[in-house]
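The values are calculated or read from the model by the stated rules, or taken from the named source; none is laboratory data. Remember, it's a predicted structure, so these values are computed and weren't measured experimentally. Virtual Cβ from ideal backbone geometry, glycine too; neighbours counted across all protein chains shown. Ligands, DNA and RNA are excluded from the accessible area calculation, which covers all protein heavy atoms including side chains. Shrake-Rupley method; radii C 1.70, N 1.55, O 1.52, S 1.80 Å.
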Number of protein chains: 2
Amino acid sequence: MTRSADAPGRRATILDVAAAAGVSRQTVTRAMNDMPGISAATRERVQKCAVELGYSPSRFAKGLVQGARTSVGLAIPDLTNPYFPAFASSVVEAATQRGWNVVVDDYGHGTGSGLDAVSRLAPQVDALIGYLGEHAAEAQSLMGSRPVVGLDCPGGSSAGSIGFDYPYAAGLALDHLASTGRHKVAFLDSDQGGPAGSRGAAVAAAAAAAGIPLARIHASPSATAARDAIGGLLEKEPGLDALLAFNDVMAAGVLKALHSAGRSVPGDCAVIGMDGIPLGELLTPELTTLALDLRAVGRAAVDLVEALLSGAVEPGSPAASLTLRHELIVRQSA
Amino acid sequence: MTRSADAPGRRATILDVAAAAGVSRQTVTRAMNDMPGISAATRERVQKCAVELGYSPSRFAKGLVQGARTSVGLAIPDLTNPYFPAFASSVVEAATQRGWNVVVDDYGHGTGSGLDAVSRLAPQVDALIGYLGEHAAEAQSLMGSRPVVGLDCPGGSSAGSIGFDYPYAAGLALDHLASTGRHKVAFLDSDQGGPAGSRGAAVAAAAAAAGIPLARIHASPSATAARDAIGGLLEKEPGLDALLAFNDVMAAGVLKALHSAGRSVPGDCAVIGMDGIPLGELLTPELTTLALDLRAVGRAAVDLVEALLSGAVEPGSPAASLTLRHELIVRQSA
DNA sequence: CCGTACTACGTGAACGTTCACGAATCTCAA
DNA sequence: TTGAGATTCGTGAACGTTCACGTAGTACGG
């Protein structure tokens with residue numbers, strides 16, 4: 001049946017159903033929610049009327065009286081970059097286990113920054129998880145006192161934060177490169193800043209510590225941009241024998257560039273990616289990468305939200321700030 | 001009049017703020033929503049009180065009185081399969097443009113079927129978009145008279161449906177294979193059924209039409225499963241010179257299997273994927289694939305939801321049923 | 001001094017649902 | 001016949017916000 005159109009556009013309410021079935025509100029409630037204290041006959045009659053009128057209860061009225069079912073917002077730069085869905089998937093899983101639901105906003109397309117996503121999300125959710133970059137403070141103010149968990153954000157400007165130990169990760173990578181006899185390394189950074197270039201800084205420090213000269217270039221964080229950026233670099237730096245990329249997607253572009261330049265990987269040049277997305281295994285050669293346990297990241301974010309919501313953890317306190325570590329997965333490319 | 005805000009778990013309401021600022025509800029509303037008719041001094045005082053009390057307006061009360069901001073549910077099998085985030089991204093984009101928001105449920109992890117996702121989503125959204133498989137009818141009944149747009153579902157059991165012209169796509173692929181002189185083709189299908197094996201059936205028909213013998217095998221739709229499945233096939237079918245995969249992810253696994261078996265692509269064996277996800281370009285060799293315009297798919301789904309919500313299109317009518325076509329993108333692998 | 005127009009603020013009502021009761025009606029044994 | 005208990009159903013209240021008014025106060029021109 002289509003929607004009953006005596007008042008077109010208007011949604012049927014519980015009272016319409018009650019009138020149609022010749023009963024009261026409460027009886028309709030009982031019928032719809034399978035509550036006891038109602039005869040089988042009336043239950044069926046009411047349900048039939050509800051279907052005919054196209055009635056479905058207002059989630060607002062329900063939420064108002066029953067207390068909110070918590071829903072968390074997830075602000076993500078770009079669902080097209082495989083890292084983020086992998087992360088989102090683990091957030092959705094952890095949230096679903098708690099009976100929460102997840103409202104996703106992807107601010108990659110269009111011109112909007114993360115703040116637009118947050119302002120869209122803010123009136124709709126009880127908590128926020130997101131890659132907020134340097135906008136974490138503004139995001140927190142948009143959310144008022146509701147928990148905000150920022151990932152990879154500089155400083156502790158949001159209620160909770162999850163960071164990554166880049167010095168540690170960079171150390172892993174450069175130790176590995178040094179121990180396999182690489183002499184000249186380049187780091188292909190993202191030009192989007194990210195958390196104030198902390199990855200680049202960590203890599204630079206680690207390279208210095210390992211005594212390996214480091215070239216640094218920038219490109220927008222996509223495979224094609226990375227491929228194009230590498231082209232010029234290879235001519236300018238002939239001695240290059242290792243490439244570290246900002247993330248796995250850029251590393252994929254690097255692999256393509258090296259392939260078309262006729263350089264063998266890892267023979268002529270080693271390549272290491274970052275983040276550990278499943279894509280890495282599918283590339284040729286398979287990508288050596290600094291991997292995150294992606295499920296752990298999502299779980300940690302949701303755990304933190306739960307702790308903040310329940311008050312078990314004080315916003316901004318040390319307990320609300322986690323640091324996760326990458327792990328070096330050695331495959332074929334380095 | 002003054003409510004005790006000392007009850008610790010209780011959220012602050014507009015009345016708490018009003019009492020703290022010594023004004024009425026309505027003045028708080030005016031201050032929070034930047035409405036006219038309030039002096040700058042009181043506005044600031046009220047806003048300060050709101051921040052101090054950690055007040056944020058109840059989205060339920062707001063929605064109840066102001067009329068719903070429409071939110072659509074997106075039920076997706078597996079965010080880990082790159083196809084779905086690519087699709088989700090375009091849905092989120094189209095929905096955001098309309099001021100809607102998107103609640104995502106990923107039912108891939110855990111044991112739950114798509115129906116669990118729908119039942120979680122149903123009380124939270126005004127419309128549903130999803131890969132519902134054969135559960136489209138049940139999904140529709142869970143959603144009552146609210147619009148449901150099922151993708152790739154058999155039959156017209158939901159209000160709206162978006163299908164794909166598999167015979168056409170399979171024709172494209174097999175014509176291309178035939179015209180490049182392939183003699184023996186295998187189709188690696190998903191064992192998840194999908195829409196009753198319609199991809200496999202279409203490929204079989206097209207192969208018959210092209211006069212090319214076809215072998216069919218099945219595997220779960222992941223790259224590793226595909227790789228493992230191909231291993232055996234290559235020994236059993238030595239004459240095989242072309243492989244068509246259920247989707248691009250499986251095609252990636254196929255490429256790996258061929259590579260480790262020492263078969264060159266496309267020299268010894270051509271490979272064609274399906275769906276056209278960005279991943280394909282990053283593989284070696286780059287994947288020839290039957291591509292969907294993924295942004296168009298998301299846009300079509302959201303357009304259809306809008307038409308159903310507004311009543312411009314009758315649920316279940318021919319206008320509510322779209323068919324999209326794949327396009328053959330020839331890259332290196334075939 | 002009056003009336004008019006404007007500013008700043010407050011009060012009843014409504015949104016649609018569930019909760020906590022209370023009021024019928026029916027059953028059945030003493 | 002009666003009264004207790006179970007079954008079935010209905011009524012006020014409440015959730016937290018905004019809308020449509022209403023009402024003071026203030027400014028200003030006549």
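List every residue pair whose Cβ atoms lie under 9 Å apart, where the two residues are 6 or more positions apart in sequence or sit on different chains, the first residue falls within the range A:48-62 and is under 14 Å from A:ALA19 (Cα atoms) and of a type in the set (Asp, Glu), and the second residue, located anywhere, is open to solvent by 40 Å² or more (accessible area, probe 1.4 Å) and within 14 Å of DNA strand D (Cβ to nearest atom).
A:GLU52/A:ALA20
Residues being buried (at least 23 other Cβ atoms within 10 Å of the Cβ) and in contact with a Lys or Arg (Cβ under 6 Å, 6 or more places away or on another chain): count how many of those fall in the range A:120-146.
Looking only at that region, the number is 1.
Is one or more of the residues making up the range A:105-113 part of a helix (DSSP H, G or I) and either at pLDDT below 90 or open to solvent by less than 10 Å² (accessible area, probe 1.4 Å) (or both)?
Residues of the range A:105-113 part of a helix (DSSP H, G or I): none.
Looking for residues that are part of a helix (DSSP H, G or I) and either at pLDDT below 90 or open to solvent by less than 10 Å² (accessible area, probe 1.4 Å) (or both), one finds none in the range A:105-113, hence no.
I'd like to check something: does the range A:280-287 contain any residue that is crowded, with 22+ Cβ neighbours inside 10 Å, touching a residue at least 60 places away in the same chain (Cβ under 8 Å) and more than 10 Å from every other protein chain (Cβ to nearest Cβ)? Can you show your working first?
If we filter the range A:280-287 for residues that are crowded, with 22+ Cβ neighbours inside 10 Å, which is where we start, we get A:280, A:282-283, A:287.
From the residues that got through so far, the ones that are touching a residue at least 60 places away in the same chain (Cβ under 8 Å) too are none.
No, there is no match, as no residue in the range A:280-287 is crowded, with 22+ Cβ neighbours inside 10 Å, touching a residue at least 60 places away in the same chain (Cβ under 8 Å) and more than 10 Å from every other protein chain (Cβ to nearest Cβ).
Which one of these does A:VAL72 not meet: (1) more than 9 Å from chain B (Cβ to nearest Cβ); (2) in contact with a Lys or Arg (Cβ under 8 Å, 6 or more places away or on another chain); (3) open to solvent by less than 20 Å² (accessible area, probe 1.4 Å)?
Failing condition for A:VAL72: (2).
If you check B:GLY9 against the conditions, is it under 30 Å from B:GLU306 (Cα atoms) and at pLDDT below 95? Steps first, please.
On the way: under 30 Å from B:GLU306 (Cα atoms): no; at pLDDT below 95: yes.
No.
Output the residue which, of all residues in the range A:34-66 that are more than 11 Å from chain B (Cβ to nearest Cβ) and out of contact with any helix residue (DSSP H, G or I) (no Cβ under 9 Å at 6 or more places or on another chain), is surrounded by the most Cβ atoms within 10 Å (Cβ to Cβ).
Among those that are more than 11 Å from chain B (Cβ to nearest Cβ) and out of contact with any helix residue (DSSP H, G or I) (no Cβ under 9 Å at 6 or more places or on another chain), it is A:SER39.
Quick one: how many residues across the range A:63-91 are in contact (Cβ under 8 Å) with a residue 24 or more places away in the chain and in a helix (DSSP H, G or I)? Spell out the reasoning first.
To start, the set of residues in the range A:63-91 that are in contact (Cβ under 8 Å) with a residue 24 or more places away in the chain comprises A:68-84, A:86-91.
Next cut, in a helix (DSSP H, G or I) only: A:83-84, A:86-91.
Of the residues in that region, 8 qualify.
In this structure, does B:VAL92 turn out to be touching a Gly at 6+ places or on another chain (Cβ under 9 Å), within 30 Å of B:GLY276 (Cβ to Cβ) and among the β-branched types (Val, Ile, Thr)? Working first, answer last.
Numbers: touching a Gly at 6+ places or on another chain (Cβ under 9 Å): yes; within 30 Å of B:GLY276 (Cβ to Cβ): yes; among the β-branched types (Val, Ile, Thr): yes.
Here the answer is yes, as B:VAL92 does meet what is asked.
Restricting to the range B:147-157, what's the tally of residues that are touching a residue at least 60 places away in the same chain (Cβ under 8 Å) and either within 14 Å of chain A (Cβ to nearest Cβ) or open to solvent by less than 20 Å² (accessible area, probe 1.4 Å) (or both)? I'd like the intermediate steps shown before the answer.
Taking the range B:147-157 and keeping what is touching a residue at least 60 places away in the same chain (Cβ under 8 Å), we get B:147, B:149, B:151, B:156.
Applying the additional criterion that residues be either within 14 Å of chain A (Cβ to nearest Cβ) or open to solvent by less than 20 Å² (accessible area, probe 1.4 Å) (or both) yields B:147, B:149, B:151.
So the count comes out to 3.
Which of the residues belonging to the range B:79-96 are facing chain A (nearest Cβ under 8 Å) and either of a type outside the set (Ser, Thr, Tyr) or open to solvent by less than 40 Å² (accessible area, probe 1.4 Å) (or both)? Show your work before the answer.
As a first pass, look at the range B:79-96 and keep what is facing chain A (nearest Cβ under 8 Å): B:79-80, B:82, B:84-86, B:88-89, B:92-93, B:96.
Within the range B:79-96, B:LEU79, B:PRO82, B:PHE84, B:PRO85, B:ALA86, B:ALA88, B:SER89, B:VAL92, B:GLU93, B:THR96 qualify.
Do we find a residue being under 18 Å from the mean Cα position of the chain (by Cα), away from chain A (no Cβ under 14 Å) and either modelled with pLDDT under 95 or surrounded by 24 or more Cβ atoms within 10 Å (Cβ to Cβ) (or both) anywhere in the range B:261-271?
Restricting attention to the range B:261-271, the residues satisfying the condition of being under 18 Å from the mean Cα position of the chain (by Cα) are none.
For the range B:261-271, residues under 18 Å from the mean Cα position of the chain (by Cα), away from chain A (no Cβ under 14 Å) and either modelled with pLDDT under 95 or surrounded by 24 or more Cβ atoms within 10 Å (Cβ to Cβ) (or both): absent.
Within the range B:216-250, take every residue that is under 22 Å from B:LEU172 (Cβ atoms) and free of Cβ contacts under 8 Å to residues at least 40 places away in the same chain and give me the one that is surrounded by the most Cβ atoms within 10 Å (Cβ to Cβ).
Looking at residues that are under 22 Å from B:LEU172 (Cβ atoms) and free of Cβ contacts under 8 Å to residues at least 40 places away in the same chain, I get B:ALA226.
So, in the range B:13-45, how many residues would count as being of a type in the set (A, V, I, L, M, F, W, C) and near DNA strand D (Cβ under 9 Å from one of its atoms)? If you could, list the steps in order and put the result at the bottom.
So the first thing to find is which residues in the range B:13-45 are of a type in the set (A, V, I, L, M, F, W, C), and the list is B:14-15, B:17-21, B:23, B:28, B:31-32, B:35, B:38, B:40-41.
Checking which are near DNA strand D (Cβ under 9 Å from one of its atoms) leaves us with B:14-15, B:17-18, B:28, B:32, B:35.
Qualifying residue count, the range B:13-45: 7.
Which count do you get for residues in the range B:152-189 that are within 20 Å of B:GLY276 (Cβ to Cβ) and not β-branched (Val, Ile, Thr)?
19
Out of the residues in the range A:181-202 that are open to solvent by 60 Å² or more (accessible area, probe 1.4 Å) and under 30 Å from the mean Cα position of the chain (by Cα), state the one that is nearest to A:HIS135 (Cα to Cα).
Going through the qualifying residues, I end up with A:ALA196.
Is it fair to say B:GLN66 is at pLDDT 95 or above and either within 8 Å of DNA strand D (Cβ to nearest atom) or under 30 Å from A:PRO57 (Cβ atoms) (or both)? Before you say what the answer is, go through the steps one by one.
On the way: at pLDDT 95 or above: no; either within 8 Å of DNA strand D (Cβ to nearest atom) or under 30 Å from A:PRO57 (Cβ atoms) (or both): yes.
Here the answer is no, as B:GLN66 does not meet what is asked.
Within the range B:300-334, which residues are within 12 Å of chain A (Cβ to nearest Cβ) and over 23 Å from B:SER264 (Cα atoms)?
B:LEU308, B:LEU309, B:SER310, B:GLY311, B:VAL313, B:GLU314, B:PRO315, B:GLY316, B:SER317, B:ALA320
With respect to A:ALA205, determine if the residue is open to solvent by less than 40 Å² (accessible area, probe 1.4 Å), part of a helix (DSSP H, G or I) and either under 25 Å from B:ALA252 (Cα atoms) or not assigned by the TED database to the domain that holds A:THR80 (or both). If you could, list the steps in order and put the result at the bottom.
On the way: open to solvent by less than 40 Å² (accessible area, probe 1.4 Å): no; part of a helix (DSSP H, G or I): yes; either under 25 Å from B:ALA252 (Cα atoms) or not assigned by the TED database to the domain that holds A:THR80 (or both): yes.
No, not satisfied.
Within the range A:92-104, how many residues turn out to be outside any helix (DSSP H, G or I) and closer than 16 Å to A:ASP303 by Cα?
Of the range A:92-104, the ones outside any helix (DSSP H, G or I) are A:98-104.
Among the residues that remain, those that are also closer than 16 Å to A:ASP303 by Cα are: A:98-102.
Matching residues across the range A:92-104 total 5.
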